1. Of all accessible surface on region B:82-153 at a 1.4 Å probe, what whole percent is carbon and sulfur?
2. Which one of B:Gln163, B:Val190, A:Gly26 has its Cα pushed farthest toward the positive end of the charge dipole of the protein assembly as shown, where Lys and Arg give +1 and Asp and Glu give -1 at the Cβ?
3. Along Cα→Cβ, 7 Å out, is where each label goes; now give me the distance between the ones at B:Phe110 and A:Val80 in nm to one decimal.
4. By how many degrees, between 0 and 90 and to the nearest 10, does the Cα long axis of helix B:167-182 differ from the longest principal axis of chain B?
5. Would you please state which residues of region A:146-181 a label at B:Glu63 would reach in this model, taking the label point 7 Å out along Cα→Cβ and a backbone N cut-off of under 17 Å?
6. Please provide three numbers in whole Å: the alpha-carbon extents of region A:30-78 along the principal axes, with the largest listed first.
7. In Å², nearest 100, what accessible area do chains A and B bury in total when the solvent probe is 1.4 Å?
8. Need one value for A:181-193: mean number of C-beta atoms belonging to other chains within 10 Å of its residues' C-beta atoms.
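The values are calculated or read from the model by the stated rules, or taken from the named source; none is laboratory data. The structure presented is a predicted model; accordingly, all values stated were derived computationally and were not measured. Note that each Cβ is placed from the backbone with ideal geometry, even for glycine, and that neighbours are counted across all protein chains shown. Note: areas computed on protein heavy atoms with side chains; ligands, DNA, RNA excluded. Shrake-Rupley method; radii C 1.70, N 1.55, O 1.52, S 1.80 Å.
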Amino acid sequence: MIAEQLAANIIYGLLLGGVYGLATMGLSLIFGVLRVVNVGHGAFIMVGAFTAFWMFTLYSIPPLASIVVAVIVGLAMGFVVFMTIIRRLLDAPELSTLLATFGIGVFIEELSKFFWGPDYVGYSWDIGGISLPFTELPFTKLYAFGSSIVIAALLYVWFSRTKLGKAIRAVVEDKEGAMVCGINVNMVYALSFAIGIALTVTSGVLVTLFTPVGINVYMGGDYTLKAFVIAVLGGLGSPWGAFYAGFIFGLLENGSYTLLGLIPGVEPFGLTRFVSFTALLLILLLKPTGLLGGE
Amino acid sequence: MLKVSKLESGYGEMQVLWGVDLEVKEKSITTVLGPNGAGKSTTLKAIFGIISPWNGMVEYFGEDVTKTPPHKKVEMGITMVPEGRHLFPNMTVEDNLLMGAYLSRAEEKFEDSLELVYTLFPRLKEREEQKAGTLSGGEQQMLAIGRALMTSPNLILMDEPSQGLAPKLVKEVFETIYKLKEEGLTILLVEQNVFSSLDISDYAYVLHEGKIAFGGSVDEIKESEDIKKAYLGV
Ligand SMILES: Nc1ncnc2c1ncn2[C@@H]1O[C@H](COP(=O)(O)OP(=O)(O)OP(=O)(O)O)[C@@H](O)[C@H]1O
Ligand SMILES: [Mg+2]
């Protein structure tokens, strides 16, 4: 019974972890290329969640198809935010960028509340699932996981094979070196920021496949927090490290949920977060560059 | 080919260049000498556009390129071998060279450029698959020059290419620079290695506290004991 529950939660942890990974890649990419910490990260996840909700509710478009919409919305938002705000902050002190991205997050949340209201909304996309001996696995979660893997893989190929992808890597490795090669560094910044936001908005679509009724304009804060933990675990600035670290975080969260539930008198939900963040502290104590980071 | 007039620039509030005037003739080697902190690197960075010129003018073949961003300058045939090399340490030697041929102008001449680089530096060919960060200092310098050549430039700005190299390698680097001139390239060189650089140069300038203190042919500098004593410490 307990073993079954644990097995089920480990599988859910892995599936959710894949989405966590994707939800953090954008944050790490933006930090890696621009050295900008996007404190407003979660607001873009919320935009993705509402994209999935409205597409489904208004036009009956399934969430997987909404991914395309999310990518377009994300690229556009990222580009506009970069051109209007981030571009001016590249040489500014860190505190300015932190405050600015925090402000962007609040602005997006409040604007969304103005249009969409403060209530929790949700949708139900029931497409069945697979019966395992110990649990019922809904296809929606499997699809969310699969989409994360496919998107991360596509991004990897794009980075390692295309000229623009390589130009981004070059800027990360050495900005001045990139300049003498003729790479337009500002263009690379704009592109990376837009891709980072597009990834984040897309992950917001996938998040709703796990919590389809938890869509709310303030839902992002929780994800911002988790994304920071995952980004640090993965060695800040590395999108691939972040992707792997997402799995670790998902497993940790879901595994500890089951185990904590066994202790009488303990409310596992509240303590889960405590365990996840304690693990983070421990890892950072032992390996300050992050679990998967370099030396 | 390149004409710099009354160039002023600096970092933040701090002005470093106080009106630099210099000229580079096509297919020549022009050297800028000067003590540490004179503003040699700053001059090259302001010409190339890594930092913005505050005042004055940079002309390239008569065209005003003072505010032209670096990537457009590379498109026009200007590139730089920066101080400290600025390679891509986690990329292979081959990928570093490939990045040099990033623009379409360079891509068209990719094969020829690569052959030139591997002829000049056979060691780079041997180490094609090795990560740039693991190369020796001398090899890294060769790669930095090689990467600049891959952009298919007319004018290369070189910042202390002999820095930190063993005497034998220093000699090799200067010989290479001379070969590049024979290939038809133009070079604006910044150096602390007075004698070696004067040996290969056609023209020389002495930069002192952000201003040109002397400019002329190499022979003039070599003959003037005053200049050598006052500014070059030799
Ligand atoms: N990035 C920077 N930020 C602030 N000040 C700088 C920066 N780079 C150089 N400086 C200052 O500008 C002045 C000129 O520096 P520059 O690097 O141009 O000298 P240099 O002639 O190249 O010296 P060296 O021979 O040591 O390379 C120095 O006082 C230096 O401290
Ligand atoms: Mg210097």
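1. C and S fraction of accessible area: 46 percent.
2. A:Gly26
3. Going by the 7 Å Cα→Cβ label model, 3.8 nm.
4. Once rounded, the angle reads 90 degrees.
5. none
6. Result, largest extent first: 39, 16, 15 Å.
7. 1900
8. Per-residue shielding by partner chains comes out at 5.
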